[in-house]
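Values quoted throughout were computed directly from the atomic coordinates according to the rules given, and no laboratory measurement underlies them. As the structure is a computational prediction, the values presented were derived from the model and not from experiment. Cβ coordinates were reconstructed from backbone atoms using ideal geometry, including for glycine residues, and neighbour counts include every protein chain displayed.
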Amino acid sequence: MSLQAVSARTTEGAAPARAHERVLVVDFGAQYTQLIARRVREHHVYSEVVAPVRAAERWQGADLKGVILSGGPASAYAKEAPALSAALLERGVPVLGICYGLQWMAEALGGKVIPSREREFGHTRLRVTQPNPLFEGVDAETIVWMSHGDRVDRLPAGFSRIAATDTCPEAAVMHVSGRLYGVQFHPEVAHTRQGARILENFLRDVCACRGDWLPGDLAEEAIQDIRRQVGGEGEIVLGLSGGVDSAVVGALCQRAVGARCHAIFVDTGLLRAGERDLVEHTFRHHFHLDLTVVDAAERFLRRLQGVTDPEHKRRSIGHEFIDVFREQARRFQRARFLAQGTLYPDVIESVAAHGGPTATIKTHHNVGGLPADLDMELVEPLRMLFKDEVRALGRALGLPEEMVARQPFPGPGLAVRCLGECTPARLEVLRRADRIVREEFEARSEHQGLWQYFAVLLPVRSVGVMGDARTYDEVCAIRCIESQDGMTADWRYPSRELLQAVSSRITNEVRGINRVVLDLTSKPPGTIEWE
Ligand code: XMP
């Protein structure tokens with residue numbers, strides 16, 4: 001089964017009728033499509049993302065209040081550009097086209113899109129040129145986030161300009177009917193200062209949404225979706241990592257199918273200090289899950305011998321994981337389903353959610369490592385959610401706070417923080433340093449408000465002096481960042497006392513490290529993990 005087949009079935013399958021009012025988000029391949037869907041959810045409106053090929057089918061029904069057309073990497077005038085039938089725009093449903101979505105709409109209705117003379121990227125000053133419902137309550141001049149190489153040059157009949165920037169005259173447009181809108185900028189990203197207001201105006205005033213959807217509804221819907229997918233007899237094998245994502249998946253699967261959910265925790269030898277014990281304790285005693293702990297450190301580390309390339313590492317770990325699961329799943333006769341805590345940022349950075357053209361940044365192990373012949377069907381109820389939404393879902397499901405608030409830990413574990421070869425000795429060095437980092441942040445409560453705080457071991461040796469002797473050891477970097485959803489992140493400067501304690505403890509207590517440095521890189525341009 002190909003990955004595309006998996007994602008198509010797990011994300012778009014049945015598209016059950018919801019009792020809520022609904023906004024359709026058509027995915028033209030933007031990095032930001034799910035961010036749009038999530039912004040809609042933030043206004044308590046249920047949103048459904050569909051690929052262009054399924055748009056016509058879902059662009060109907062009394063529950064449909066509006067449609068948002070996403071951005072995308074194509075040029076609207078190119079032959080292969082993703083397109084819809086222009087007749088959809090006449091169905092009477094309000095539409096907001098964002099970036100490519102606007103450009104497609106313009107071309108489809110007889111306007112013209114051309115390459116811009118200057119590419120507009122980043123913060124841009126926008127002037128509202130005509131009062132209109134979309135910009136109600138928005139400043140006459142406001143900062144928006146642009147990212148485009150094309151622009152609308154000629155508007156279709158019936159459209160007029162409602163906002164402009166210095167280099168993009170048609171930065172926002174509106175149809176005389178008051179139903180069709182287009183913006184060249186991205187209201188969904190946090191950099192567009194009044195983006196939330198613009199989306200709210202579209203949802204409340206243009207689409208007349210009341211906002212009848214709550215995050216807690218997500219739990220019930222996810223449980224129903226799992227039941228529908230798995231059927232009355234199917235068994236699920238759940239890959240448990242110990243983090244919040246798989247814990248939430250575990251709670252959902254257990255609610256959905258009860259004892260037909262079998263949790264498996266793999267000790268890869270790439271875990272943090274104390275992790276295995278915590279997982280065993282929490283899941284066996286608190287959740288009463290049917291839990292198997294597989295001791296697989298030896299085989300993972302064997303597979304990683306001599307591997308230094310980050311993508312090679314990720315793929316090797318992903319494949320080993322799947323092998324272990326396949327072996328384990330054989331123990332459960334009817335286990336045709338594999339549940340995973342894949343989140344949207346993992347998906348979007350590995351492959352476009354709908355097989356579209358979004359660029360690959362990293363192969364996240366829980367999606368990129370799937371072999372083509374995988375004979376289990378994926379259950380990924382969090383695939384379209386962001387971390388903070390998963391946390392809210394976890395709370396709605398009644399998971400304990402210590403589990404819900406845990407810092408994210410990547411599937412490939414310490415391997416992607418142990419740059420160079422992952423030997424047992426180097427992993428142990430990193431494990432000790434990481435424990436110290438966690439202890440010091442938590443002891444001072446400086447972990448609060450942070451997304452992640454961890455140690456990275458660099459395969460760089462430098463000279464030091466200890467006692468009267470020369471040392472020639474490796475470097476440990478401290479990564480400590482703030483983020484809302486893992487898609488973008490900023491570094492935080494910890495207190496001097498904390499840095500002092502971490503540095504002094506690591507260089508004194510961890511043999512193999514004689515230098516500690518602080519990572520001052522945001523995302524972008526860096527990623528959160530070093531590999
Ligand atoms: P990056 O390094 O891509 O990380 O900026 C974004 C967030 O995702 C976590 N991460 C992963 N999570 N499997 C996961 O489940 C993975 O392969 C993986 N790689 C990174 C990372 O810790 C950060 O929170």
In debye to the nearest 20, the charge dipole size for the chain, taken about the Cα centre with +1 at each Lys and Arg Cβ and -1 at each Asp and Glu Cβ, equals 280
Taking the Cα centre of segment 22-206 as origin, work out the dipole magnitude from +1 charges on Lys and Arg Cβ and -1 charges on Asp and Glu Cβ, in debye rounded to 20.
-> 100
Average the reciprocal distances over every distinct pair of alpha-carbons in the chain, invert the result, and give the Kirkwood radius in Å.
-> 24.8
Taking the dipole of the chain about the Cα centre (Lys, Arg +1; Asp, Glu -1; charges at Cβ), the one of W451, Y46, G110 that reaches farthest to the positive side is G110
Roughly what would the spin-label model give for H285 and R511, points 7 Å off Cα along C-beta, in nm?
-> 3.4
For the chain, return all DSSP H helices satisfying: extent of Cα atoms along own axis at least 15 Å; mean Kyte-Doolittle hydropathy at least 0.0.
-> 244-257
Once Lys and Arg get +1 and Asp and Glu get -1 on their Cβ, which of L291, A396, Y100 lies farthest toward the positive end of the dipole of the chain?
-> Y100
If you average the sequence gap of Cα pairs under 8 Å that are 6 or more apart and divide by the length of segment 22-206, what percent do you get for the contact order?
-> 21
Please tell me the relative contact order of the chain in percent, rounded to the nearest whole number, where contacts are Cα pairs under 8 Å and at least six residues apart.
-> 12
Could you sort 100-113, 255-268 so that the peptide with the highest average Cβ count within 10 Å comes first and the rest follow in order?
-> 100-113, 255-268
Segment E298-V460, extension gain: residue separation times 0.36 nm, minus the distance between their alpha carbons = 55.7 nm
Scoring segment 237-308 by relative contact order with C-alpha pairs under 8 Å, at least six apart, yields a percentage of 33
At R0 = 35 Å the Cβ-Cβ FRET efficiency linking T521 and H319, nearest 0.05, sits at 0.75
Add -39500 (n - 2.57) for each DSSP H run of 4 or more in the chain, then divide by its residues: what number comes out at 222 nm, to the nearest 500 deg cm²/dmol?
-> -9000 deg cm²/dmol
